[in-house]
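Worksheet for the structure shown next.
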Amino acid sequence: AQSVTQPDIHITVSEGASLELRCNYSYGATPYLFWYVQSPGQGLQLLLKYFSGDTLVQGIKGFEAEFKRSQSSFNLRKPSVHWSDAAEYFCASQEPGGSYIPTFGRGTSLIVHP
Amino acid sequence: ETGVTQTPRHLVMGMTNKKSLKCEQHLGHNAMYWYKQSAKKPLELMFVYNFKEQTENNSVPSRFSPECPNSSHLFLHLHTLQPEDSALYLCASSQATPGLAGEEQYFGPGTRLTVT
């Protein structure tokens with residue numbers, strides 16, 4: 001069965017600093033990959049997704065993610081973090097041609113210091 | 001209303017009460033999901049419905065009873081809950097086809113449930 005690992009439970013950054021959240025997947029082929037964000041008291045919202053093609057994917061709110069097959073990673077990045085980016089971030093994967101039900105990582109909580 | 005809505009947003013119930021959570025999606029999707037989100041725990045998939053048919057039940061205790069009368073509505077009936085059932089219950093929907101993947105999920109804001 002596929003799995004998604006988010007190695008960092010918490011990440012703390014200063015406002016204006018750059019951000020990288022890590023995500024690793026286990027799947028033999030290239031899965032479909034997603035990043036979701038959950039603001040306090042809210043449901044999850046899709047930031048971006050990767051299916052194939054260009055390995056650098058642009059998303060909403062200034063986020064991007066890069067797919068690296070050699071590292072089985074799909075890390076989320078933002079060049080300059082805003083205080084409103086403080087939230088929980090979830091990486092998820094799906095098997096192409098497999099179940100439409102995604103596998104989620106445990107989530108990474110982003111704390112932004114002023 | 002657009003997207004996925006959930007009611008109530010907050011619910012406090014005693015262990016002997018019976019209550020229901022409601023989810024409605026206005027996106028024309030065919031699949032609906034219930035997730036449980038507890039503090040410091042991963043997101044837990046509870047139930048999945050596709051075209052009103054239950055396709056997943058992840059060993060959820062029988063005190064949780066789902067109902068999907070049509071592709072737009074999903075309920076979670078609760079009875080004789082335990083304090084450890086206190087959590088955020090999230091509903092989601094997607095345009096899903098068995099054997100095909102790639103469509104993202106759309107989530108409601110959740111119901112914060114407290115069992116006293």
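Condition check ((1) surrounded by fewer than 18 Cβ atoms within 10 Å (Cβ to Cβ); (2) more than 7 Å from chain A (Cβ to nearest Cβ); (3) modelled with pLDDT of 95 or more) across all residues:
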| site | (1), (2), (3) |
| --- | --- |
| B:Glu67 | yes, yes, yes |
| B:Leu74 | no, yes, yes |
| B:Gln95 | yes, yes, no |
| B:Glu104 | no, no, no |
| B:Phe107 | no, no, yes |
| B:Gly110 | no, no, yes |
| B:Val115 | no, yes, yes |
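Given the structure, is B:Val48 of a type in the set (A, V, I, L, M, F, W, C) and either outside any strand (DSSP E or B) or exposed (fewer than 15 other Cβ atoms within 10 Å of the Cβ) (or both)?
no
Take the stretch A:37-46 and flag every residue that is within 10 Å of chain B (Cβ to nearest Cβ) and outside any loop (DSSP other than H, G, I, E, B).
Listed by number, the residues that qualify are A:Gln38, A:Leu44, A:Gln45, A:Leu46.
Please specify each residue of the stretch A:63-108 satisfying the condition of being buried (at least 17 other Cβ atoms within 10 Å of the Cβ), within 16 Å of A:Gln38 (Cα to Cα) and among the small types (Gly, Ala, Ser).
Residues satisfying the conditions are A:Ala86, A:Ala87, A:Ala92, A:Gly105, A:Gly107.
Within the stretch A:8-24, identify whether any single residue is within 21 Å of B:Leu100 (Cβ to Cβ) and of a type outside the set (Phe, Trp, Tyr), and answer yes or no. Lay out the reasoning, then the answer.
To start, the set of residues in the stretch A:8-24 that are within 21 Å of B:Leu100 (Cβ to Cβ) comprises none.
The answer is no, given that none of the residues of the stretch A:8-24 is within 21 Å of B:Leu100 (Cβ to Cβ) and of a type outside the set (Phe, Trp, Tyr).
Quick test for you: out of A:Phe74, A:Phe34, A:Phe67, pick the one residue that is outside any loop (DSSP other than H, G, I, E, B), at pLDDT 95 or above, under 17 Å from A:Gln6 (Cβ atoms) and at the interface with chain B (Cβ under 8 Å from one of its Cβ atoms).
Testing whether each residue is outside any loop (DSSP other than H, G, I, E, B), at pLDDT 95 or above, under 17 Å from A:Gln6 (Cβ atoms) and at the interface with chain B (Cβ under 8 Å from one of its Cβ atoms) leaves just A:Phe34.
Can you run down the residue pairs with Cβ atoms below 8 Å, 6 or more apart or on separate chains, where the first is in the stretch A:90-109 and more than 16 Å from A:Gln6 (Cα to Cα) and the partner is in a strand (DSSP E or B) and of a type in the set (D, E, K, R)?
Hits for this filter: A:Ile101/B:Glu56.
The values are calculated or read from the model by the stated rules, or taken from the named source; none is laboratory data. Because the structure is a prediction, the values reported are computed rather than measured. Cβ sites come from the backbone with ideal geometry, for glycine too, and all protein chains shown count toward neighbours.
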